[in-house]
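Quick notes on the structure that follows.
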Amino acid sequence: MTRVRATSRSVPARLEPGVLTHELVARCAADASRPAVPGAAWLLAHAYAVLAAHGATSRRRAMLQRIATLAAAYFRLFGPRADWRFAGAEVRLGTGRIDLAWATPAGHLIDELKTSRFAVVADDGDAIEQVVGYARTASRQLADGFVGVRLLTLAIPGNARFVTPSLAVVPLAAMTFANGGTL
Ligand SMILES: [Mn+2]
């Protein structure tokens, strides 16, 4: 006899907060009605929609808050200026897929999101290699301008890095591509 377990269903293993955060930020970035600085209610509504699309049930509240908080860090600390246009998410570039692309007045800007709250991701050789690879390919392929790649450590914002078209890796805080800066 088969038991139907209608209760105590946990979030499926594939619903990893990092994956969901990537989906949430991409969904919010693509929303033409996005406020300049999205508020908590707006972000939570989108986070709920992302989880609902995956059929998530239990543990929903903690996961909602976790991914909405990371998305809030993106839009408040690194969010697009008013004159940036969303240019795509999960865009194939070389052998990888970039998380987000923005068309800025100065050219295309690529964002790589990292969500771990444990590792010092920006000092992680693999992460640096990944974003430098994007910068190398983009500087060759983007005919209409390329301004660089941001490695955005959402849970550890101070560790964010910027890769220039000439492949220099510098702290993002030293650059003008953080929210509120000038291009
Ligand atoms: Mn990523």
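The table for this structure:
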| read-out | value |
| --- | --- |
| Derived scalar couplings ³J(HN,Hα) [region 92-100; Karplus, 6.51 cos²θ - 1.76 cosθ + 1.60; whole Hz; x for Gly, Pro] | 5, 9, x, 9, x, 10, 7, 5, 8 |
| Sorted by Cβ density within 10 Å, fewest first, the residues Thr115, Thr21, Thr69 | Thr69, Thr115, Thr21 |
| Segment Ala62-Val37, extension gain: residue separation times 0.36 nm, minus the distance between their alpha carbons | 6.7 nm |
| Distant-in-sequence amide H partners of Ala87 (H built 1.01 Å from N, under 5 Å) | Ala101, Trp102, Ala103 |
| Dipole magnitude of region 38-101 about its Cα centre (Cβ charges: Lys, Arg +1; Asp, Glu -1), debye to nearest 20 | 200 |
| Amide H partners (placed H, <5 Å) of Lys114, local residues excluded | Leu152, Thr153, Leu154 |
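FYI, it's all coordinate maths here, none of it is from the lab. Given the structure is predicted, the values throughout are model-derived calculations rather than measurements. Every residue, glycine among them, receives a Cβ derived from its backbone with ideal geometry; neighbour counts consider all protein chains shown.
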